[in-house]
Structures are given as C-alpha cells and as structure tokens.
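Report on the following structure.
Nothing in this text is a laboratory measurement; each read-out follows from the coordinates by a stated rule. Source: prediction; values computed, not measured. Neighbour counts run over all protein chains shown; Cβ positions are idealised from the backbone, glycine included.
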Amino acid sequence: MNPAEARQGPPAALPASGAPRAGTHVLCVAPMMAWTDRHCRAFHRVLAPHARLYTEMVTADALLHGPTARLLAFDPSEHPVALQLGGSEPGALARCARLAEERGFDEVNLNVGCPSPRVQRGAFGACLMLEPRRVAGCLAAMREACALPVTVKCRLGVDGHDDYPFLRDFVGACADAGVATFAVHARIAALTGLSPAQNRTVPPLDYGRVRRLKQEFPHLAVVLNGGLRDTACVVGALAWADGVMVGRGAYRNPWWLAELELALFGTHLPAGPHAVLERYIADYAEPALADGARLHDIARHLLGLFNGMPGARAWRRHLSEEARRRGAGVEVLEAAANRLPEAA
Ligand SMILES: Cc1cc2nc3c(=O)[nH]c(=O)nc-3n(C[C@H](O)[C@H](O)[C@H](O)COP(=O)(O)O)c2cc1C
C-alpha cells in the first residue's frame, strides 16, 4: 500500500469491529544498534503512536561506568519505551534495571539474542542461551531491583542447539524467574562462522517453533520477531502471537509503521509522509537541534520515508549531501521535501 492509498481508509486486514487490539506488546519496534537511537525512536513514534519502542542495546558496563545520563536520555513522546540491556552479571544488571526505572523507562529487556563476537567476548547476548540458570539469576536480580516489567529477547537457539526442547527449557527457566514476556527472533544464532548481519539472514526462520512456544506457555506473552515485512504477514501472526516486533522492515520503510498502526489499531494518522515530516520537525527535530543535536544524526533515519514515491531518490540524495553541512538546520529537510511531487 502506498501512502496515498493508506489515507483512504483501513485495509481489509483491519478487524471487522475496528476495535483496537489489546495487549502491551502488540506492535514493537526492535532494538537495533546504531539505528534505534533517540532521534529514530521519536520519529517512529510519530508514525506509530501505539508501538512499543526499544532502545539500542546498552551494556551494563557502559551504563555503570560510561556516560549514564546520555545513554538513558529519551524524549517523553517515546513512551512506551523499553531499555534493552546487555550483560550477564546479576548485580550490575540489577543496578541498571534500577536506573531504568528511576529514569522513567516502561520496561527493561535483557538481550539474549545478539551473536556478535564482541558481545560474546563479554559473555552475554545469544551465548547466554547456553546458560539458562545464569540468565534466570540475572532476571531475578533485575526483577528484585525494580518494579518495571523485565522481559527477554532471545533466539530459537544457538548452533548445536537447534530444537524445540532447547527453546522450551530456556524460556521455562526464565519464566520460573518471573519473566512473562518474550520477544523471540525466530531463527537460531550461529556463534561462529557468521557475521552479525549474516546471522540475521542465513539461519532459516521458523515461526512454527515460536507458535508452539505460545501454545505450550499460553500464560506467557510471546512476541514474534524476524523477517516480518508486510502487513498481511503481521496480521496473520497476531492470530496466535501476543505481538510482533518489526526491525529492518520498519527502519528501511518507515511509512510501513503508519500502515501497521492503521491496520492494528485503526489509528488514522498521520495523513501522509509529508505530514509526518512536518510533525517530526515541529515536535522533535527543531527542539533537538536547538539542544545541540546535529542534523545529520537526525536526517539519516528519515532517508526511507518517501520510499516507493516519485522523488524518493532525490530526497535521499539531498539529505545525504546537505544534512552533513556545518550548521545545517530543518530548512534542509523542508527544502528536500518541497522538491517531492506530493508537496504541492
Ligand atoms: C542494525 C541492526 C542492529 C541490531 N541491534 C540489535 C540490538 O542492539 N539488540 C537486539 O536485541 N537485536 C538487535 N538487532 C536484531 C533486531 O532486533 C531483530 O531481532 C532482527 O533484525 C530481526 O528482525 P527483522 O527481520 O524485523 O529486522 C539488530 C538488527 C539490526 C539490523
């Protein structure tokens, strides 16, 4: 569906009643390092008022020994927003969970799905799926330290452990520690031999295993992640899953979030990409720039906004070239958008 079609009304996928779907995790935007920073999340919020947004993974070490305030900063419009943590030390994670609560996050999520070598050296991320008891200890400590929902993002398994019982036992251990919500990236992580990017494409997706998890743990909230790219697929998954988590599809084609918002919640806003941009500039970009943000850091998340529309390539080129200039302000965004046909 292109933006013009989206404005005409809900697609066939909208439930007949048009009733908003219940549940806190129906639509989630995945944590993505270097992508879902605060500028990006505030942008996604304009497109999807009901989505739950996740920060990039922040390691416990960075949070406790680095620029804590900067790492925890977010815009009030981002609610509901979850802080994703990476770590494997219960004490450190507990302190981070408390910081998340103090700072006003709505959820704290533990990353048990990242396969990058750097993360493995730190003994956290996906390799922790091999240590369910350790993970359970971390989760219990985090729960003890704060009143926020503590959730887990994991894979189906890791190489050598590619079967349902492995996933079941891992999730069971976390559930015993009191975790009730799991976002499952529906492929295993290969801990050797694949780059992080390959680890998001090469191991095959298996939604059936996630579905079985939901069937066998009906009291848990199970959020499906991985490879979701179109609205029909999302609506199909929500027939059995408590929620979906979309990553690359939403980042590369942000307007899809507005389509999902319409299909899942019946929200008729915003009117189109131009209206999104206007609102984002007024509500977020202008104040952020006045606060010292650089236009390039903001504009890079907007490159895909007009995808599929005439002039999209010129928009991307204009932003890429002009937003880097010293002192560039929102006039660069406005000038680029004004060159697009729909602006008339
Ligand atoms: C650039 C990039 C960075 C990512 N960083 C994280 C991260 O910090 N934490 C995490 O749990 N997953 C991370 N992921 C994985 C995504 O959250 C998601 O599980 C994965 O991309 C599959 O979903 P998708 O097919 O909808 O993109 C990252 C993915 C990408 C593309």
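Dividing the helix sum by the residues of the chain, where each DSSP H run of 4 or more adds -39500 (n - 2.57), gives a mean residue ellipticity at 222 nm of -11500 deg cm²/dmol. Considering all C-alpha pairs of the chain, those separated by over 25 Å amount to 52%. Highest mean packing comes first when the peptides 316-325, 265-274 are listed by Cβ atoms within 10 Å, giving 265-274, 316-325. Amide H to amide H, with H built 1.01 Å from N, Leu85 comes under 5 Å of Val58, Asn109, Leu110, Asn111, counting only residues 5 or more places away or on other chains. Here the Karplus relation 6.51 cos²θ - 1.76 cosθ + 1.60, evaluated at θ = phi - 60°, turns the backbone of the range 113-121 into coupling constants of x, 7, x, 5, x, 4, 5, 5, 4 Hz, with x for every Gly and Pro. The convex hull around the C-alpha trace of the range 63-175, projected and averaged over every direction, spans 7.1 square nanometres. Per residue, the convex hull spanned by the alpha carbons of the range 114-156 comes to 77 Å³. Among beta bridges from DSSP that stay inside the range 77-173, the antiparallel ones total about 10%.
Classify the range 273-338 as rounded, prolate or oblate from the Cα gyration tensor: take a ≥ b ≥ c as the square roots of its eigenvalues, call it rounded if a/c is under 1.5, otherwise prolate when a/b beats b/c and oblate if not. Oblate. Put simply, the amide H of Val158, placed in the peptide plane, has neighbours under 5 Å in Ala189, leaving out anything fewer than 5 places away on its chain.
One decimal place: the segment Ala335-Ala34 gains 105.7 nm when fully extended, by the rule 0.36 nm per residue minus the C-alpha distance. Put in order of Cβ neighbour count within 10 Å, fewest first, the listed residues His25, His161, His301 become His161, His301, His25. Relative protection proxy for 222-229, 211-218, 303-310, from highest mean packing down: 222-229, 303-310, 211-218 (other beta-carbon atoms within 10 angstrom).
Once the Cβ-Cβ distance of Arg212 and Arg133 is raised to the sixth power relative to R0 = 25 Å, the FRET efficiency obtained is 0.60.
A simple spin-label model places pseudo-atoms 7 Å from Cα toward Cβ; at Thr192 and Asp75 they are separated by 4.5 nm. Applying 0.36 nm per residue to the separation of Arg317 and Ala123 and subtracting their alpha-carbon distance, the gain on full extension is 65.8 nm.
Note on the chain: antiparallel DSSP beta bridges, both residues inside, total approximately 5 percent of the bridges counted. Provide, for q = 0.13, 0.18, 0.30 Å⁻¹, the log10 of I(q)/I(0) from a solvent-free Debye sum over equal Cα point scatterers in the range 230-284. Computed log10 I(q)/I(0) values: -0.37, -0.66, -1.24. Backbone geometry of the range 195-206 corresponds, through the Karplus equation with coefficients 6.51, -1.76 and 1.60 at θ = phi - 60°, to 3J(HN,Hα) couplings of 6, x, 5, 4, 5, 9, 9, 6, x, x, 6, 9 Hz, x marking Gly and Pro.
Taking the Cβ of Arg212 as the centre, find all other residues whose Cβ is under 12 Å away and add up their charges (Lys, Arg: +1; Asp, Glu: -1). Once positives and negatives cancel, what remains is +1. The trypsin sites (Lys or Arg not before Pro) found in the range 138-183 include none that occupy coil by DSSP while having at most 13 further C-beta atoms within 10 Å.
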